[in-house]
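Here the structure comes first, spelled out in structure tokens, and everything after it is commentary.
The values are calculated or read from the model by the stated rules, or taken from the named source; none is laboratory data. Predicted model, so just to flag it, every value in this text is computed and none were measured. Heads up, the Cβs are rebuilt from the backbone with ideal geometry, glycines too, and the neighbour counts pull from every protein chain shown. Ligands, DNA and RNA are stripped out before the accessible areas are found, and what is left, the full protein with its side chains, is counted by its heavy atoms. Shrake-Rupley method; radii C 1.70, N 1.55, O 1.52, S 1.80 Å.
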Amino acid sequence: MPANDDVCFTTTPSIKVPLPSRPPPFDLFLLLTRTRNSFSQLVDSVKTHPGLQRLTPKLLPSSSILPPLLDSRTTESTKGSGSLSRWSRPGIDGHLIGKLLPLCSASLSLSRSEPGTRKGKDGHSIGKSPLLCSASLSIARPDEVSQSGAEGKEIQQQQKQHSPSRHDEERVLISEVLVRNKDGDELERKDLEMEALAALKACRPNSALTVREVQEDVHRIIGSGYFYSCVPVAVDTRDGIRLEFQVEPNQEFQGLVFEGANVLPTKFIEDSFREGYGKVINLRRLDNVISSINNWYMERGLIAMVLGVEMLSGGMLKLQVAEAEVNNISIRFLDRKSGEPTTGKTKPETILSQLTTKKGQVYSMLQGKRDEETVSTMGIVEDVRIIPQPADTGKVDLVMNVVERPSGGFSAGGGISSGTTNGLLPGLIGSFAYSQRNLFGRNQKFHVSLERGQIDSIFRINYTDPWIAGDDKRTSRTIMGQNSRTPGTLVHGKVHDEDFSPTIARVTGGIEFSRPLRPKWSGTAGLIFQQTEAHNEKGENIIKDCFGSPLTASGKNYDHTLLARFETVYTGSGDGSPMIVFNLEQGLPVLSEWLFFNRVNARARKDVQIGPARLLLSLSGGHVVGNFSPHEAFTIGGTNSVRGYEEGAVGSGRSYAIGSGEISFPMVGPVGGVIFADYGTDIGSGPTVPGDPAGARLKPGSGYGYGVGIRLESPLGPLRLEYAFSDSKNQRFHFGVGHRN
């Protein structure tokens with residue numbers, strides 16, 4: 001095969017060949033039928049593509065879009081260079097894409113030959129056989145079509161009104177079948193002659209044929225894709241009637257002009273046509289190539305397709321592509337109840353900034369679907385739909401129908417604290433909150449909440465801007481403040497009834513910035529100031545617990561910490577994908593009495609489907625170096641750690657490692673069962689915590705637990721009820737809401 005470097009391109013004038021009113025019945029002409037479709041019919045066809053069912057018919061335009069040839073992209077390869085170049089130029093003579101006429105239309109006409117009107121090459125007269133007629137299948141020029149269009153319609157109507165004639169069914173014995181060129185001479189290329197002979201089905205030497213069978217074989221020859229004209233000629237010879245199929249082969253493919261393909265990769269175009277370079281153009285293969293181009297667009301959800309095919313002189317092919325560019329994007333708010341247009345609270349630019357689809361891009365329905373999902377995750381809309389509508393000059397306008405949800409209000413609820421394990425209602429917390437999800441119509445969040453338990457008391461106030469204006473990295477900003485009182489039993493819990501458990505009071509304030517780092521990865525960086533102190537049951541400040549272990553690192557009533565916090569999260573896509581979280585905190589001693597330490601923490605989780613059951617594996621660990629408050633030590637044991645132990649009962653230390661395995665399985669409806677096993681250890685770091693609070697309370701430092709439980713799916717997340725056994729022979733119920741940390 002000649003090298004592709006020999007391909008060259010030209011602007012030589014061409015002949016546009018029209019479609020027939022009734023194309024012959026072979027697959028090639030499906031291509032030609034497609035080229036007559038207007039651009040709006042293309043949009044209608046896209047809606048049936050698998051995976052794009054969200055765009056219902058009512059969302060699609062009904063009027064035609066006939067884009068003019070405003071620009072072109074032509075790839076050129078010059079002999080010996082192997083290089084490619086592109087340029088833009090107006091469309092040829094300003095014709096609309098929808099009116100481009102395809103390459104290989106064919107017409108079939110039969111005319112009865114009168115006796116004596118024609119002689120064969122050997123000088124013998126052609127007889128009166130019914131086969132002795134001129135049946136031709138060839139390409140017609142546009143001017144010929146325009147002149148004979150009315151006559152053709154009349155002929156078609158007459159053909160419909162008459163049943164097959166007696167001559168059509170009369171059989172005539174054929175002694176010889178040959179394939180010749182249009183002048184009746186032998187074809188120069190024997191391979192083309194063999195292709196034509198191989199296409200014949202009925203016409204064989206020494207066979208009796210009807211006119212209909214000859215017509216069908218004419219269609220088969222044209223259907224082979226190598227010929228654009230075929231005329232059957234019957235010649236009366238001494239040996240009998242010889243049937244000649246006089247054919248005109250297509251040109252050899254020497255180059256390609258490709259217009260309107262702005263997003264189709266040049267390499268894809270070259271690879272699609274490279275195999276046919278230097279060979280006779282085969283229309284069937286051309287149909288396959290065009291189908292592959294259209295499929296490339298369809299697989300990416302792009303509204304685009306090949307609309308026209310032309311054969312230029314010198315073996316050049318020109319393909320015209322129409323790609324629907326986005327002309328405008330607008331937001332239309334709909335009433336939640338009536339569905340009628342209304343005035344929205346959200347600023348349109350807030351929603352538009354979330355879209356990856358931009359003006360001037362070729363519209364992708366897959367990308368539009370992702371944009372719908374992105375807007376839905378903003379939390380301020382109940383429903384969103386993108387509707388493409390036809391615009392001028394072959395472009396599309398996108399209208400986004402948005403139904404907003406109530407943006408704010410009061411709420412009340414409850415939860416469980418891991419720090420309280422005794423009392424009348426151990427661990428229960430009540431909460432009251434006010435939230436505004438769409439502050440100033442810019443999707444900014446404002447949240448104020450109060451949580452109260454037997455000992456726990458937490459007041460929070462948060463303000464979040466999910467996308468800082470003017471930032472192209474989608475960076476969010478959170479400003480928060482918190483005043484909390486939590487029990488210190490996890491590290492400094494009492495052992496005897498006469499002992500007291502301290503309460504840790506914290507005042508915290510800071511700012512954090514988050515942004516996606518790369519696909520599936522996100523990062524957070526922040527600066528947080530914290531003041532902590534310890535109180536006894538009377539609310540008095542204390543610096544030591546009941547065992548004499550220090551409660552503050554500074555030895556004063558208060559510990560002050562300025563934390564630089566960094567966190568990165570990996571979340572896989574799909575059910576059962578892994579999750580990885582890495583957290584780093586650095587205490588900054590801006591003042592000499594402020595704490596200086598470094599703390600790292602990491603956890604990972606992975607789900608594995610095993611038949612109807614699911615295996616969940618999780619691992620977490622951490623370490624802290626420096627001068628830190630003892631109550632900030634890592635704690636081990638409890639509902640989210642090692643089940644079978646009370647909260648923090650395994651130990652507390654500068655380091656820790658916890659591993660867990662669960663096998664969950666469905667039972668009845670939303671109820672599922674689980675079998676689990678946990679193990680945790682402080683890696684021998686308990687005594688390194690100031691005052692060794694774990695050793696003073698005789699905590700083992702490591703332990704394991706196992707048991708069974710049930711899961712109940714709820715709007716709050718899975719409700720977990722578990723019964724666990726520990727290696728210390730203890731048994732304990734655990735109740736939790738949501739997934740384990």
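Residues whose amide H comes within less than 5 Å of that of Phe253, counting only those at least five positions distant or on another chain, are Gly278, Lys279, Val280, Ile281 (H built at 1.01 Å from N in the peptide plane). Residue ranges 371-381, 533-543 sort as 371-381, 533-543 when ordered by packing (mean number of other C-beta atoms within 10 Å per residue, highest first).
The string of couplings for the stretch 212-220 from the Karplus curve (6.51, -1.76, 1.60, θ = phi - 60°) is 4, 5, 5, 4, 5, 6, 4, 5, 5 Hz, one whole number per residue in order, with x for Gly and Pro. Residue ranges 452-464, 321-333 sort as 321-333, 452-464 when ordered by packing (mean number of other C-beta atoms within 10 Å per residue, highest first). Amide H to amide H distances under 5 Å link Ile380 with no residue, where only residues 5 or more positions off or on other chains count and H is placed in the peptide plane.
The trypsin sites (Lys or Arg not before Pro) of the stretch 701-741 that DSSP puts in a loop, and whose beta carbon has at most 12 other beta carbons within 10 Å, are Lys729.
What the stretch 575-637 shows is 50 Å² of accessible area per residue, with the surface traced by a 1.4 Å probe over protein heavy atoms.
Note on the stretch 325-404: antiparallel DSSP beta bridges, both residues inside, total approximately 60 percent of the bridges counted.
Just the protein heavy atoms count here, and of the accessible area of the stretch 172-249 at 1.4 Å, carbon and sulfur take up 46 percent.
Which peptide among 258-268, 654-664 comes first, and what is the full order, when sorted by highest mean count of other Cβ atoms within 10 Å?
Result, highest mean first: 654-664, 258-268.
When you restrict to C-alpha pairs under 8 Å that are six or more residues apart and normalise by the size of the stretch 408-737, the relative contact order lands at 10 percent. Phi-derived couplings, Karplus 6.51 cos²θ - 1.76 cosθ + 1.60 at θ = phi - 60°, listed residue by residue for the stretch 612-626: x, 8, 9, 9, 10, 10, 9, 8, 9, x, x, 7, 10, 10, x Hz, with x used for Gly and Pro. May I ask which of Lys190/Lys279; Lys699/Lys729; Lys494/Lys556; Lys494/Lys699; Lys345/Lys369 have a Cα-Cα span longer than 19 Å here? Violating the 19 Å Cα-Cα cut-off are Lys494/Lys556; Lys345/Lys369. Taking amide H as placed 1.01 Å from N in the peptide plane, the amide H of Ala261 sits under 5 Å from that of Arg73, Val321, each at least 5 places away or on another chain. For the stretch 632-638, the Karplus equation 6.51 cos²θ - 1.76 cosθ + 1.60, evaluated at θ = phi - 60°, returns couplings of 8, 5, 5, 10, 10, x, x Hz by residue, with Gly and Pro reported as x.
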